[in-house]
Amino acid sequence: MGKTTFLLTIVLIFSIASVSNALDVVYVDVNGPNDPGTGSYADPFRKIQDAINDANSCDIIEIRLGIYTGPGNYDLDPNGKSITIRSIDPNNSNVTANTIIDPNGAGRGFYFHSGEDANCIISGLTIRNGSTGGKGGGIYCYYSSPTITNCIISDNWAGTHGGGIFCQNSNSAIIWCNIKGNSSANDGGGIEHWRGEPVVTNCIISNNHANGVGGGVDYFDSNNVTLTNCTFAGNSANSGGALYCWGSDMIVKNSILWANDADPGPQIALNIVSTSSISISYSNVQGGEAAVDDPGNGLAWSSNNIDSDPCFASFDTNSNPNLWDFHLQSSSGRWDVNSQDWVCDANTSACIDAGDPNSDWSSEPWPNGKQINMGAYGGIDEASKNGNIADFNISGNVDFTDLMELSSKWLDVEAGIVNLDLAGQVDFADFAVFANNWLWQRK
């Protein structure tokens with residue numbers, strides 16, 4: 001076989017392998033033309049469980065907008081498959097809000113119990129009105145560790161633990177989720193976790209209630225629990241209105257804990273009869289260190305924490321929770337969910353540019369202080385802005401130092417923050433923007 005023929009054969013083999021391993025998409029549409037449907041683009045399944053049963057590992061199940069309720073659309077069981085179950089655009093909050101799994105009180109949204117790992121993903125879905133007399137009103141994970149991202153988990157109820165989500169012996173990652181309005185007759189209004197090493201990142205946990213402990217979250221016998229860039233607000237319980245730590249090791253960083261109620265206990269609590277530890281740093285905690293009940297002296301409290309009104313865009317415990325908006329007010333620019341545009345406020349939150357200096361801030365929009373924001377929107381493209389677009393060295397002034405920085409990037413393509421008009425090349429258009437901000441000073 002000649003060299004050319006050999007190379008062509010190798011290319012053909014890899015081409016065939018690539019085609020055979022290509023991801024298949026199984027489609028679901030509650031308004032599909034046929035019942036049950038075949039799962040094709042033109043003839044989607046009407047029920048989500050039918051799509052799950054049809055899918056192979058590594059497939060994507062794409063759920064179109066609509067309300068999915070009734071048998072086949074709740075107690076959804078991936079049966080151990082590494083599949084992605086998502087909306088048509090998980091990164092679009094409006095799509096997520098209108099792609100709804102609603103058991104209507106008849107069961108849970110999802111039931112993970114077959115060893116699913118991080119490659120089993122649910123993304124861009126609203127899971128609401130789930131109910132169980134046991135654990136996990138919205139989602140139940142037993143010896144399973146799915147990835148839950150970009151989801152709204154709301155108004156679910158559990159008769160024992162975990163109104164929104166219950167996880168046992170699980171390392172689940174919960175990322176960019178809004179967990180709100182859930183309740184538990186016992187512990188863990190929003191999330192209850194027993195054993196494992198869970199990760200919760202960039203989540204809003206609000207208006208959840210537990211009759212026992214842990215209005216927002218409750219962790220039992222869990223290791224290396226990490227809560228990063230989360231916002232806890234308006235949660236309630238008998239103890240640990242925001243979070244409760246029972247025999248667990250927990251790290252809370254870059255987070256906001258505000259207006260969480262516990263009667264008679266505090267908004268953060270470590271269990272008195274178990275060995276627990278909690279490290280809180282670069283966070284805004286209402287009431288400061290005194291807000292933590294620490295009978296076993298397991299608290300590591302950092303001097304970089306603050307106790308300051310976070311200046312949420314819209315938040316009042318006496319108002320409609322559906323109108324709460326946890327973006328941070330900023331005179332330099334805040335993302336407005338109603339207009340879908342940037343607006344400027346009279347106030348600037350103390351939580352802006354107040355997170356851990358070692359955390360990645362690069363996805364936050366410019367201008368910023370080159371330091372991540374606290375709260376659920378820190379480190380992402382909806383983070384509130386701070387400073388002036390032409391103050392490249394964040395000195396508080398636009399002056400010759402910044403002009404030199406602009407000049408050093410002249411005619412460069414995609415030169416980062418110096419590309420002021422975002423057109424791709426640093427040129428006279430960028431200089432015009434710079435000139436309009438010349439001699440700006442921070443007030």
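Some notes on this structure:
- Breaking point among (1) surrounded by fewer than 20 Cβ atoms within 10 Å (Cβ to Cβ); (2) on the phi > 0 side of the Ramachandran plot; (3) not basic (Lys, Arg), for residue 31: (2)
- Verdict on residue 313 being out of contact with any His (no Cβ under 6 Å at 6 or more places or on another chain) and among the aliphatic types (A, V, I, L, M): no
- All positions within the stretch 47-63 that are among the acidic types (Asp, Glu) and not in a strand (DSSP E or B): 50, 54, 59
- Subset of the stretch 416-443 that is among the small types (Gly, Ala, Ser) and farther than 19 Å from residue 387 by Cα - its residue that is modelled with the highest pLDDT: 429
- Meets criteria (surrounded by fewer than 24 Cβ atoms within 10 Å (Cβ to Cβ) and modelled with pLDDT under 95) for residue 221: yes
Quick grid of which residues meet (1) in a loop (DSSP other than H, G, I, E, B); (2) touching a residue at least 24 places away in the same chain (Cβ under 8 Å):
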| residue | (1), (2) |
| --- | --- |
| 348 | yes, yes |
| 369 | yes, yes |
| 382 | yes, yes |
| 391 | yes, yes |
| 417 | no, yes |
| 434 | no, yes |
| 443 | yes, no |
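One line per residue, one yes/no per condition, for (1) outside the structural domain of residue 49 (by TED's automatic domain parsing); (2) crowded, with 24+ Cβ neighbours inside 10 Å; (3) closer than 18 Å to residue 217 by Cβ:
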site	(1), (2), (3)
100	no, no, no
124	no, yes, no
149	no, no, yes
165	no, yes, yes
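- Strands (runs of 3 or more DSSP E) enclosed by the stretch 179-230 - at least 2 residues per element that are hydroxyl-bearing (Ser, Thr, Tyr): 225-228
- Count of the stretch 306-346 residues which are assigned to a loop (DSSP other than H, G, I, E, B) and either hydroxyl-bearing (Ser, Thr, Tyr) or in contact with a helix residue (DSSP H, G or I) (Cβ under 8 Å, 6 or more places away or on another chain) (or both): 9
The values are calculated or read from the model by the stated rules, or taken from the named source; none is laboratory data. Not measured: the values here are computed from a predicted model. Neighbour counts run over all protein chains shown; Cβ positions are idealised from the backbone, glycine included.
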